[in-house]
Structure formats: structure tokens, C-alpha cells
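The structure appears right after this line, and notes come after that.
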Amino acid sequence: QVQLVESGGGLVQPGGSLRLSCTASVSIFSINVMGWYRQAPGKQRELVAAITRDDRTDYSNSVQGRFTISRDNAKSTVYLQMNSLKPEDTAVYYCKTRTSWGDFWGQGTQVTVSS
């Protein structure tokens, strides 16, 4: 079992920035992939960004150039820096890890972009 603790969500105006954090209860080196997903009301959960053990990254088209995923190995933490936020980025953001023994999800953190 892997516990994930997310933080950093909140209310921000359009054009603003937020940084989400996701800290894992195991060494980050035992995790193959860490990613951020989001789910808006009435919509399916979608991948936002992911980072592999060897630091390869992947982004959805909708956030490419605005969001950056990174990780701090010493803290077993993955970050999602979100810039130039838009109202359509409003959603619950979830952290997900993929290990050799399964996939695990965080509890989610709300991001609301509104004036």
C-alpha cells in the first residue's frame, strides 16, 4: 500500500498560479510513474501530467506550456506547477502512482479558477 498526501489546491483568479504537492509514503525510487489527473464536475477523470522514474514527462495538450511536473527524490514528492490558470482548469486534482505492486490514488485537492 502507498499513501499519497496532496496539498496546494485553492481558489485563484484567472491568469494566476498554484503549485500542487503530492508526497508518497514510500521511496520515490520504488515508484515507476507519478502523475496528476483531474476531474471536473460531470466530466471524466483525465491525465494532466506524468513523470517517470527516469524523469521523462508527459502533458495533456490542454496544459502543455502552462503546467510543469517535477519531483524531489529526497522528499518523495511530486509537484505540479500551474501557471496562467484558466477557468476550465477548475477541477479536483488527484495524484496517482504506479508501482510494481499496483496503482494508488490520493484523496484529491480542489482547484478553482474564478474571478
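What whole-number volume per residue, in cubic angstrom, does the convex hull of the C-alpha atoms of region 40-80 give?
Cα-based convex hull of region 40-80, divided per residue, equals 88 Å³.
Per residue, the accessible area of the chain comes to 52 Å², computed with a 1.4 Å probe over protein heavy atoms only. The label point for ARG19 and the one for LEU47, both projected 7 Å from the Cα toward the Cβ, are 2.5 nm apart. When DSSP beta bridges are restricted to pairs lying wholly in the chain, around 95% turn out antiparallel.
Rg of the Cα atoms in the chain, relative to 2.2 N^0.38 Å, amounts to 1.00. Hey, what did the chain get for relative contact order, percent, Cα under 8 Å, at least 6 apart? Taking the mean separation of contacting Cα pairs over the length of the chain, I get 37 percent.
On the beta carbon distance between ASP58 and GLN107, with R0 = 25 Å, the FRET formula returns roughly 0.60.
The values are calculated or read from the model by the stated rules, or taken from the named source; none is laboratory data. Source: prediction; values computed, not measured. Ideal geometry is used to build each Cβ from the backbone, glycine not excepted, and the neighbour counts take in all protein chains shown. Heads up: the accessible areas ignore ligands, DNA and RNA and are worked out on the full protein's heavy atoms, side chains in. Shrake-Rupley method; radii C 1.70, N 1.55, O 1.52, S 1.80 Å.
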